[in-house]
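In what follows, a single structure is set out as structure tokens and then discussed.
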Amino acid sequence: MKAIRFTQNWNGKLNNRVFTTIRKCKSDDDYYGSKVGSVFAVMHADKVLFNATLVSADKISYAEIRYEIKATDTGRTDATKINAIFETFYGKFAPTDKFYILLFEKMEKKVSP
């Protein structure tokens, strides 16, 4: 199973049924775009928290990502702090570099009778 890892539960997003994450594209391929509909193990601190389905994967330049999406995703409202968070993960990058906005939905847990 594919996995998506989080170092922090930014803005408490992993507590929600539906959540986003913004990830830098590593190449020109469409890795996440080809995985829409796939199930991912959502991990935090090397521990699987739950499984989630990748609902959508929009690939756009960093400059095109709306401020509101970045703020909601990181839990920060100061643009300088938001950019610093992304630079912590990806180093310096150009505003034209491509990123994915990924939308996940937690899978319902099956209850045994």
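The values are calculated or read from the model by the stated rules, or taken from the named source; none is laboratory data. Bear in mind that the values here come from a model prediction, so they are computed numbers and not experimental data. Note that each Cβ is placed from the backbone with ideal geometry, even for glycine, and that neighbours are counted across all protein chains shown.
Observations
- Members of segment 62-89 that are under 19 Å from Gly33 (Cβ atoms) and under 15 Å from the mean Cα position of the chain (by Cα): Tyr62, Ile65, Ile69, Asp73
- Residue in segment 43-58 that is in contact with a Phe, Trp or Tyr (Cβ under 9 Å, 6 or more places away or on another chain) and closer than 18 Å to Pro95 by Cα present: yes
- Listed conditions (1) touching a strand residue (DSSP E or B) at 6+ places or on another chain (Cβ under 9 Å); (2) surrounded by 14 or more Cβ atoms within 10 Å (Cβ to Cβ); (3) within 24 Å of Ala3 (Cα to Cα); (4) not acidic (Asp, Glu) are all met by Ser38, apart from (2).
- Considering residues of segment 44-86 that are charged (D, E, K, R) and over 18 Å from Leu103 (Cβ atoms) only, the residue modelled with the lowest pLDDT: Asp46
- Count - residues of segment 5-22 that are in a strand (DSSP E or B) and either without any contact (Cβ under 8 Å) to a residue 24 or more places away in the chain or surrounded by fewer than 16 Cβ atoms within 10 Å (Cβ to Cβ) (or both): 3
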